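Here is the structure we will look at, set down as structure tokens.
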Amino acid sequence: MTQSNLPAPEAAAPETKDLVGLSREDLALAFEAVGVPERAMRMRVNQVWHWIYHRGERDFEAMTTLAKDLRKTLAENFHIGRPHVIDSQSSIDGTRKWLIRFSDGQEVETVYIPEEERGTLCVSSQVGCTLTCKFCHTGTQKLVRNLTSGEIMAQVLLARDELGEWPSPTDGRLLSNIVMMGMGEPLYNFDNVAKAVNIMMDPEGISLSRRRITLSTAGVVPMIERAGTEIGTNLAISLHAVRDEVRDVIVPINKKYKISELLAACQAYPGLSNARRITFEYVMLKGVNDSLADARELVRLISGIPAKVNLIPFNPWPGAPYECSDWEQIEAFADIVYRAGYASPVRTPRGRDIMAACGQLKSESQKQRAAERMAELRSKDMQFQPS
């Protein structure tokens, strides 16, 4: 395992506007406000977009397709931001995790998982989470706020920086897939997530196809159809149980949207086909949701939905209320699902040596800062003690 603290990015002047995460329409409005002529607007937006999202450039002076006076104007009014990386860890299996801090001091984590045929970036959409799923460490952290489209995009740009993947390659990408599966519930931050994902898919920039991006939800039923219509990426459902009385406990959003409602929304997901299947995520919790009867009920529930099932061995964290299912039980469960005609891969645990399960690095950071604050208070208190 390697671990390093990366230097903070250069601070931008506080009065300048960050261009990362702005749509093309937003860029046009911003440029209009600083005097870019209407007749040249489309060309200028396309040029700057290319530099930011295809080349990964942060210095306006290096944007040589722009006139010098325009570069000066842009530099005086805008910046192209990156978050501050306060911790970077690399696992022995190649998984990388960054703890990043935004301008208001809030932190999220971003995880990159290299595999033989692809490299996946797990992107956060919120600081903390409101869902309180019992098996998820992030669920122990209260929701602080939604991330902006710029803060979502910044995670992608940071990973590309760290992987040295500029300009955007046409094939053989190290970062080939994105999952909105980090901290937070993406469908509770729909507008910012949709804006960022559409930037990721823009063919003149990062240019990832819809099939390379997956939006994962715990089941915000009213938003699922809208996600399919307006974003159209792959859909993953954090199912994790086949009976309402169990799912009510481990995925509390189920109290609002029952399994039957969730699966009906999946059945109606726009564009669903055998070539575009829904992924059902299922974490294996010993004695909770891993019986062979549960496996048979899972098959019954998803019958008729083009789908695959990802079985996830539970990755314990300190104080976790559950244990991982025995390996023999996981295999028997997977066999039932597979024999029913559904792909049922068992996800290989990644980055265990760096606690790469969602939310763990941020939790450790919070504990460290709390301890530092207590030490500081004790030090001040001692200064005022009578001699």
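Bear in mind that the values in this text are calculations on the coordinates, not laboratory data. This structure is a prediction, so every number in the text was calculated from the model and none was measured. Cβ placement follows ideal geometry from the backbone for every residue including glycine, while neighbour counts extend to all protein chains displayed.
Quick one: putting +1 on the C-beta of Lys and Arg, -1 on the C-beta of Asp and Glu, what dipole do you get for region 215-341 around its Cα centre, in Debye to the nearest 20? Could you put the intermediate results ahead of the total?
Numbers: 13 positive and 15 negative charges, 89 e Å.
With only Lys, Arg, Asp and Glu charged at Cβ, the dipole is about 420 debye.
Apply 1/(1 + (r/R0)^6) to the Cβ-Cβ distance of THR64 and ARG347, taking R0 = 30 Å, and write down the FRET efficiency to the nearest 0.05.
It comes out at approximately 0.10.
HN-Hα J couplings of region 317-322 from phi, Karplus 6.51/-1.76/1.60, θ = phi - 60°, integer Hz, Gly and Pro as x?
10, x, x, 4, x, 10
Search the structure for amide H atoms under 5 Å from the amide H of ASP202, placed 1.01 Å from N in the peptide plane, and list their residues when 5 or more places away or on another chain.
When sequence neighbours closer than 5 places are left aside, the close amide H contacts are SER207, LEU208.
Multiply the residue separation of ALA275 and VAL34 by 0.36 nm, subtract the distance between their alpha-carbon atoms, and state the gained length in nm to one decimal. Can you show the working numbers first?
Working: separation 241, 0.36 × 241 = 86.76 nm, distance 4.66 nm.
Extra length available between ALA275 and VAL34 comes to 82.1 nm.
Just to confirm a number: summing +1 for Lys and Arg and -1 for Asp and Glu over residues other than LEU311 whose beta-carbon lies under 12 angstrom from that of LEU311, what do you get?
Working: positive: LYS308, ARG347; negative: GLU281, ASP290, ASP294, GLU331, ASP335.
With Lys, Arg at +1 and Asp, Glu at -1, the net is -3.
Treating cross-link reach as a plain straight distance, find the aspartates and glutamates whose alpha-carbon is under 13 Å from the alpha-carbon of LYS68, omitting any fewer than eight places away in the same chain.
In chain and number order, the partners are ASP59, GLU76.
Provide the gained length on full extension for the span ALA293 to LEU163, in nm with one decimal, where the gain is 0.36 nm per separating residue minus the Cα-Cα distance.
On the way: separation 130, 0.36 × 130 = 46.80 nm, distance 4.43 nm.
Going from the current span to full extension adds 42.4 nm.
Based on the Cβ-Cβ distance from GLN267 to ASP191, what FRET efficiency comes out when R0 is 22 Å, to the nearest 0.05?
Calculated transfer efficiency: 0.30.
Using the Cα centre of region 84-366 as origin and beta-carbon charges of +1 (Lys, Arg) and -1 (Asp, Glu), tell me which of PRO345, MET223, VAL144 is placed farthest towards the positive end of the dipole.
Positive-end residue among those listed: MET223.
Mind listing the phi-derived Karplus ³J(HN,Hα) values for region 119-128, rounded to whole Hz, using 6.51, -1.76 and 1.60 with θ = phi - 60°, and x for any glycine or proline?
Each residue of region 119-128 in turn: x, 10, 9, 9, 10, 8, 10, 9, 8, x Hz.
Once you place label points 7 Å from the Cα toward the Cβ at GLU331 and ASP26, how far apart are they in nm?
Going from the GLU331 label point to the ASP26 one covers 5.0 nm.
At what distance in angstrom do the alpha carbon centres of region 146-223 and region 258-332 lie from each other?
24 Å
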